[in-house]
Each structure stands twice: as structure tokens, then as C-alpha cells.
Amino acid sequence: MKYPDFFDQAPTVTLRDPLSAFLGSFDEGLVEYKYVDAVKLAGHSCPTVAGAYLMTVKAIKALYGDEVPERGAIRASFPDSLDEGVTGVMASVITLLTGATAESGFKGIGPNFDRRDLLSFDMEMDCDIAFERVDTGARVEVTFAAYTVPMEEQTRGLLGQLISGQGDSETAQKFQSQWQERVRKILVDHVNDETLIQVRKTN
């Protein structure tokens, strides 16, 4: 499986999943997630997937600091509906990393490991996503300003050619290279740029 080298340069996050520990899926329930995992889930690499991934990783680290984060113990909330814009794509990446789901998630084993009702939509909030620890109530609000790493005009033109069926294989290769270069800038060059992603502790 070949993919752009920068996928492996993006930040990673390791969480302890009590359900995985209980069932013996991973030793001590420790699970490491990488950007390529989010790409596999979404089926593609784009600024939205990269943004959702980075927002979640940064939120988890802000909530837990030096502690090992607990998968399945983080709530996430959106101001938009699940079917609005790219909310669904972002929610799926959040579910991957945190285990949080709405009503369709894992129901648990006995009274433990219930992953349902940890994702909420249509909430009144002034951010893109809010994350909250179930155990302590600590909360952070996160915003992602993708426009600060804009698409090049040439990339936009190549995209238009491909959509209209006018581009050839060379056009496709140029477009793919430039498209992923923007994603690389988000994940690598601007990974610590607070104008791109802001994390604000609110509780």
C-alpha cells in the first residue's frame, strides 16, 4: 500500500480503550492512531479529513495533558446537523479516534463500555467542535480555519478540468500532487499554527 510520505509525519495519538483491554484486542488496551487510519476510514485524504483529525488529536491532548487518554470517555458536539456540509465526514473521524457515537454505536457489555450518545449535533455553540471528558467534565472548544492554507488557483483550475472531463492523466497527476501538498501543509507545516486550529479550554 503506497501513500504520500507526509501521512507518517502527521501527529499520532495513543489512547487506552477499556473495551479493547477487556476483550484482549490490544495489550493493556493501548491503541495508536495515525493520519493514515483516518484516510482509510474516509477513503480519501483532504483538508476536511486532515482538519478533523488534527482537531481531535489536539483536543485529546488538551483534555488529558500527560495522562493516557481514555477512548470511549470523550463527548463531542457539533453546531450543525449530521447531514449538513462535511459534518458527517468529520464525525466519522472523531468516532474513529474517540469511540464516541450517537445512537447507533456499541451498546456495551452489561453496564460498561456503552459508546452511544457521546456525539451530539445541532448544539448552540461558537466553535466547530467541542470535546468534553465524561469523567471530569473538562471541556475544550476547537475551530479549524482551512482558508488560512488556501487552495492554489492552478489546483482549482486542474480540478475544474477533471470534473468537466477535459483533463488527461497528466492533469490528474498534477492535481493529485497539488491537492495532497495542501493537505501536507496543514498536517506538517502548519500543525502548530494557532491561526489554523484554535483550542480553547472552557471548563
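The values are calculated or read from the model by the stated rules, or taken from the named source; none is laboratory data. Not measured: the values here are computed from a predicted model. Ideal geometry is used to build each Cβ from the backbone, glycine not excepted, and the neighbour counts take in all protein chains shown.
What the table below lists for this structure:
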| item | result |
| --- | --- |
| Test: residue in the stretch 111-126 that is buried (at least 20 other Cβ atoms within 10 Å of the Cβ), among the charged types (D, E, K, R) and modelled with pLDDT of 95 or more | no |
| Tally of residues being under 21 Å from Thr202 (Cβ atoms) and charged (D, E, K, R) across the stretch 67-90 | 4 |
| Number of positions in the stretch 156-203 that are touching a residue at least 24 places away in the same chain (Cβ under 8 Å), out of contact with any Gly (no Cβ under 9 Å at 6 or more places or on another chain), closer than 25 Å to Ala76 by Cα and not polar (S, T, N, Q) | 9 |
| Yes/no for Phe106 being more than 22 Å from Gln9 (Cα to Cα), in contact with a Lys or Arg (Cβ under 8 Å, 6 or more places away or on another chain) and of a type in the set (Phe, Trp, Tyr) | yes |
| Some residue of the stretch 128-149 being among the β-branched types (Val, Ile, Thr), in a loop (DSSP other than H, G, I, E, B), in contact (Cβ under 8 Å) with a residue 24 or more places away in the chain and surrounded by 15 or more Cβ atoms within 10 Å (Cβ to Cβ) | yes |
| Selection status of Glu32, under 22 Å from Arg116 (Cβ atoms), touching a residue at least 12 places away in the same chain (Cβ under 8 Å) and not small (Gly, Ala, Ser) | no |
| Meets criteria (part of a helix (DSSP H, G or I), crowded, with 16+ Cβ neighbours inside 10 Å and over 22 Å from the mean Cα position of the chain (by Cα)) for Thr155 | yes |
